[in-house]
Amino acid sequence: MLPHVTNWFWVQRFAIIETGTGIFVPQKIYRPYTEADQKRYIADCELKPIIYFFSSNPYEYGVTLEDAIRSKHKDLQDKDEPMFVGCGPSVSIRIEWPGYRPWTKQIPTNDFKTPKGPITRAKLAKNLANCIKRFIEWAARQPMETNADRRWKVGPKHIKVEDLILVSLHHVSKGSWQPQLRLRRPLPDPPVHRSRVVAAGTSMIL
């Protein structure tokens, strides 16, 4: 198993959690389509360390997307630390949400304030939160894949930005990063299809 894949699952297993749930969004880890590109953009690259979003009061892994969008960063540790130092002008954010097509969006790595410099951890959290908000707005208009777990459906009446916590950001291939997310609330019970209810009722009558 490649080190960045091991690190992805390490976060899920060992994250310190005090609020919300320990339910992580079960994303596939992004990788380029062809074996040649996987070698070129993953195996032959030096992937950067995980970027964490630690909260204090209480200490735990993750900040809510709701707070990040509103720039409420008082509990975000090392919020002014510069990110993506020495990287290009932008990176691709990959989201592999269960039941939906892969989604990607570019975000800037620099803050264009004066003087210009790398974005901070706080600014990155806000950019990622807005990115995930855009994904949810897009996915809410898309049909889920056949046989997808409907509990992971996103949209106004389903999983929303307010339901998510940003835990970490992982360098998954050259130029591509993927956020690790967990839920603030438990998943709903799986829906019961009408055909199953009718079948169950029929078997009881028989």
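Here, each number is a calculation from the coordinates, and none is a lab measurement. All values reported here derive from a predicted model rather than from experimental measurement. Cβ atoms come from the backbone with ideal geometry, glycine included; neighbour counts cover every protein chain shown.
Rounded to whole Hz and in sequence order, give me ³J(HN,Hα) for the range 86-103 from the Karplus expression 6.51 cos²θ - 1.76 cosθ + 1.60, θ = phi - 60°, writing x for Gly and Pro.
Along the range 86-103, the couplings run x, 8, x, x, 8, 10, 8, 9, 10, 10, 10, 5, x, x, 10, 5, x, 9 Hz.
Can you report the principal axis dimensions of the chain using only the alpha carbons, biggest first, rounded to whole angstrom?
76, 45, 32
Return the subset of LYS105/LYS160; LYS74/LYS105; LYS48/LYS160; LYS28/LYS74; LYS105/LYS133 for which the Cα-Cα distance in this structure is over 23 Å, preserving the input order.
Details: LYS105/LYS160 19 Å; LYS74/LYS105 27 Å; LYS48/LYS160 30 Å; LYS28/LYS74 32 Å; LYS105/LYS133 11 Å.
Long pairs (Cα-Cα over 23 Å): LYS74/LYS105; LYS48/LYS160; LYS28/LYS74.
Helix 3-14 sits at what angle to the longest principal axis of the chain, using alpha carbons and giving 0 to 90 degrees rounded to 10?
Once rounded, one gets 60 degrees.
Listing PHE53, PHE9 from the residue with the fewest other Cβ atoms within 10 Å to the one with the most, what is the order? Intermediate results must be reported in sequence, preceding the final value.
Values: PHE53 27, PHE9 13.
The order, fewest Cβ neighbours first, is PHE9, PHE53.
Based on DSSP H runs of at least 4 residues, each adding -39500 (n - 2.57), what is the mean residue ellipticity at 222 nm of the chain after dividing by all its residues, to the nearest 500 deg cm²/dmol?
On the way: 5 runs with 52 residues, N = 206.
Using -39500 (n - 2.57) per qualifying helix, the result is -7500 deg cm²/dmol.
Quick one: which residues, 5+ away or cross-chain, put their amide H under 5 Å from the amide H of ILE23? H built at 1.01 Å from N.
Those lying under 5 Å, H to H, from ILE23 are LEU183.
Per 0.36 nm of contour for each residue apart, how much would the distance between ARG40 and LYS133 grow if the chain were fully extended, relative to their Cα-Cα spacing?
Numbers: separation 93, 0.36 × 93 = 33.48 nm, distance 3.10 nm.
Gain in length upon complete extension: 30.4 nm.
Tell me which residues come under 5 Å, amide H to amide H, from GLN106 once H is placed; ignore anything under 5 positions away on its chain.
It is ILE93, by chain and number.
With 10 angstrom as the radius, rank MET144, MET83 by how many other C-beta atoms surround their C-beta, starting from the fewest. Let's see the in-between values first.
Values: MET144 16, MET83 21.
With the sparsest Cβ surroundings first, the list reads MET144, MET83.
Check PHE54: other-chain or 5+ apart residues with amide H under 5 Å from its amide H, H built from backbone geometry?
GLY62, GLN77
Using Cβ contacts closer than 10 Å as the measure, can you line up ASP163, ASP111, ASP149, ASP80 from fewest to most? Mind dumping the intermediate values first?
Numbers: ASP163 20, ASP111 17, ASP149 13, ASP80 10.
Ordered from fewest to most neighbouring Cβ atoms within 10 Å, ASP163, ASP111, ASP149, ASP80 come out as ASP80, ASP149, ASP111, ASP163.
Using each residue's phi in the range 15-30, evaluate 6.51 cos²θ - 1.76 cosθ + 1.60 at θ = phi - 60° and report the 3J(HN,Hα) Karplus result to the nearest Hz, with x for Gly and Pro.
Karplus-based 3J(HN,Hα) across the range 15-30 equals 4, 7, 10, 10, 10, x, 10, x, 8, 8, 5, x, 7, 6, 7, 4 Hz.
Work out, step by step, the length gained on full extension between LEU2 and THR146: first 0.36 nm times the residue separation, then minus their alpha carbon distance; give nm to one decimal. All intermediate terms of the calculation are to be shown ahead of the outcome.
Details: separation 144, 0.36 × 144 = 51.84 nm, distance 3.00 nm.
Full extension from LEU2 to THR146 adds 48.8 nm.
Applying the Karplus parametrisation 6.51 cos²θ - 1.76 cosθ + 1.60 with θ = phi - 60° to the phi angles of the range 36-49, what ³J(HN,Hα) value in whole Hz is obtained for each residue in order, glycine and proline being reported as x?
After applying 6.51 cos²θ - 1.76 cosθ + 1.60, I find 5, 6, 4, 5, 5, 9, 10, 4, 8, 9, 9, 6, 7, x Hz.
Between GLU162 and ARG13, what's the calculated FRET efficiency when r is the beta-carbon distance and R0 is 22 Å? Round to 0.05. Kindly include the intermediate steps, with their values, before the conclusion.
Working: r = 26 Å, r/R0 = 1.18.
Once the sixth-power term is evaluated, E becomes 0.25.
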